[in-house]
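Read the structure below first, then the notes.
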Amino acid sequence: MTLPPPSDRDSLLAEMTAALSAMPDPAACEHLRLFEDEAAHALGTAHAVAVSSGTAALHAALSACGIGQGDEVLVPALTVIMTVAPVCALGATPVFVDSDPATLDLDYEDAARKVNARTRAVLPVHLWGRMGDLGALAAFASEHGLAVIEDAAQAIGTVRIGRPAGGVGTVGCFSMKDGKILWSGEGGFLTTDSGQVAEHARAFRSHWQPAPPGEVPLGRLATNSRLAAPLAALALANLHRLPDLVERRRAQTRYLLNALEQVPGLSALAPGAGEEWNGFSPLLHIAHPSPRAFAEHLAQQGVPNSTGSFRLVPCDTRPMFPRPQQPCRGAAEILNRTLAVVLAEGDTQATLDRYADIIARAVAVRTP
Ligand SMILES: *Cc1c(COP(=O)(O)O)cnc(C)c1O
């Protein structure tokens with residue numbers, strides 16, 4: 001098995017040069033407008049709105065769905081703090097829902113128990129690029145009358161039963177931070193079929209100017225979370241490479257999983273039925289004792305991974321939230337037992353061979 005070389009980057013320089021020659025331009029909208037048109041087209045939604053980060057996309061999306069003081073939003077405990085911070089910033093309360101270790105999907109029984117009269121939305125997170133069961137999500141949301149806001153920050157390129165991640169809910173949120181598959185250094189965008197959500201998000205990212213039709217410009221407190229022109233140019237050039245970027249990530253993940261196939265106590269987590277996974281992170285179930293210490297050891301040895309390098313823990317156990325009466329055990333089990341290797345576009349076959357070698361050695365030391 002060999003890994004194809006990374007795709008050509010000359011187009012990035014060309015778009016950056018074009019953006020630079022137009023600067024300073026207070027209107028700075030040419031690349032942004034093109035990016036939004038093409039992103040909407042790529043995701044199959046009516047609108048895309050570019051913002052300064054994935055966090056900002058979630059913030060604008062939640063605001064556009066009317067989430068505010070006194071509302072509750074169901075969020076998987078199996079996520080990063082960036083999903084939850086915008087819920088709290090709007091004065092709403094995140095209610096953490098457990099996940100099913102067999103599928104990584106939301107535990108809908110737990111979710112149903114946590115719905116009450118204040119619940120306004122469910123925020124599924126396609127962590128590591130994995131999408132859950134879309135039928136179950138749609139049935140749950142419609143039964144309880146909830147908006148669906150997708151955190152698809154890691155999921156661009158994943159398709160399940162013909163539906164792209166970020167194109168399933170009322171609104172989909174993406175990050176273009178440089179660790180994601182589609183990157184611009186920093187940045188994000190949201191996708192939606194609702195003209196009203198798009199107009200709200202465009203106002204929200206720029207201190208309510210332009211205002212939605214019929215409203216007063218600057219008439220509401222909002223944010224500055226515009227995407228800077230040079231980053232919009234990078235985002236556009238990378239969007240043109242998106243099929244290549246997704247294919248490369250898939251190839252890298254296949255390559256590493258293939259190299260680790262015979263390693264005892266590690267087994268690849270297969271995608272769901274009908275899921276065309278983007279391969280965001282090679283995912284391995286760790287059957288060894290002390291799996292978290294194992295992941296931390298790998299991080300120290302130079303294999304970056306979600307738990308070992310970034311201390312990913314269930315969000316309900318983070319210190320800024322009240323101590324949960326019933327912690328989300330499924331989420332904890334998933335995070336304790338999953339090795340999620342962090343990849344980047346530039347990782348070569350040599351990088352992945354080194355990762356495989358370090359992982360195999362670490363297992364050999366632990367296996368009696
Ligand atoms: C990266 C990420 C975010 C936040 O995106 P930023 O661009 O860093 O603000 C949110 N949710 C998930 C799942 C992410 O991976």
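The values are calculated or read from the model by the stated rules, or taken from the named source; none is laboratory data. Every value quoted in this text rests on a predicted model; they were computed, and no experiment measured them. Ideal geometry is used to build each Cβ from the backbone, glycine not excepted, and the neighbour counts take in all protein chains shown.
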Handout entry: Subset of region 169-179 [assigned to a loop (DSSP other than H, G, I, E, B), surrounded by fewer than 24 Cβ atoms within 10 Å (Cβ to Cβ) and of a type outside the set (Ser, Thr, Tyr)]
Key = Asp178, Gly179
Exercise for the section: From the list Ile334, Ile359, pick out the single residue that is in contact with a strand residue (DSSP E or B) (Cβ under 7 Å, 6 or more places away or on another chain) and hydrophobic (A, V, I, L, M, F, W, C). Expected result: Ile334
Handout entry: Only listed residue being within 12 Å of the ligand (Cβ to nearest atom) and either modelled with pLDDT of 95 or more or crowded, with 23+ Cβ neighbours inside 10 Å (or both), chosen from Val80, Val73, Val122
Key = Val80
Handout entry: Leading residue by the ranking (farthest from the ligand (Cβ to nearest atom)) among those in region 46-55 that are farther than 14 Å from Glu150 by Cβ and touching a helix residue (DSSP H, G or I) at 6+ places or on another chain (Cβ under 6 Å)
Key = His47
Exercise for the section: Give the residue, chosen from Leu62, Leu43, Leu58, that is at pLDDT 95 or above, closer than 25 Å to Gly179 by Cβ and either aromatic (Phe, Trp, Tyr) or more than 16 Å from the ligand (Cβ to nearest atom) (or both). Expected result: Leu43
Handout entry: Residue identified as more than 30 Å from Ser7 (Cβ to Cβ), modelled with pLDDT under 95 and not acidic (Asp, Glu) among Ala364, Ala293, Ala332
Key = Ala364
Exercise for the section: Could you tell me which residue of region 83-101 is farthest from the ligand (Cβ to nearest atom), considering only residues that are of a type in the set (Gly, Ala, Ser) and either crowded, with 24+ Cβ neighbours inside 10 Å or over 23 Å from Phe189 (Cβ atoms) (or both)? Expected result: Gly91
Practice task
Give me a count of the residues in region 157-166 that are crowded, with 20+ Cβ neighbours inside 10 Å and either more than 15 Å from the ligand (Cβ to nearest atom) or under 9 Å from the mean Cα position of the chain (by Cα) (or both).
Solution key: 2
Handout entry: Top-ranked residue of region 287-309 - restricted to ones that are assigned to a helix (DSSP H, G or I) and in contact (Cβ under 8 Å) with a residue 40 or more places away in the chain, ranked as surrounded by the most Cβ atoms within 10 Å (Cβ to Cβ)
Key = Ala295
Problem - From Leu236, Leu227, Leu284, residue being crowded, with 21+ Cβ neighbours inside 10 Å, touching a Ser or Thr at 6+ places or on another chain (Cβ under 8 Å) and not in a loop (DSSP other than H, G, I, E, B) - result: Leu284
Exercise for the section: Please specify each residue of region 183-193 satisfying the condition of being crowded, with 24+ Cβ neighbours inside 10 Å and more than 11 Å from the ligand (Cβ to nearest atom). Expected result: Leu190, Thr191, Thr192
Problem - Selection status of Gln154, away from the ligand (no atom under 16 Å from the Cβ), among the polar types (S, T, N, Q) and touching a residue at least 12 places away in the same chain (Cβ under 8 Å) - result: no
Handout entry: Failed criterion for Leu3 (all others in (1) in contact with a helix residue (DSSP H, G or I) (Cβ under 6 Å, 6 or more places away or on another chain); (2) surrounded by 18 or more Cβ atoms within 10 Å (Cβ to Cβ); (3) outside any loop (DSSP other than H, G, I, E, B); (4) among the aliphatic types (A, V, I, L, M) hold)
Key = (3)
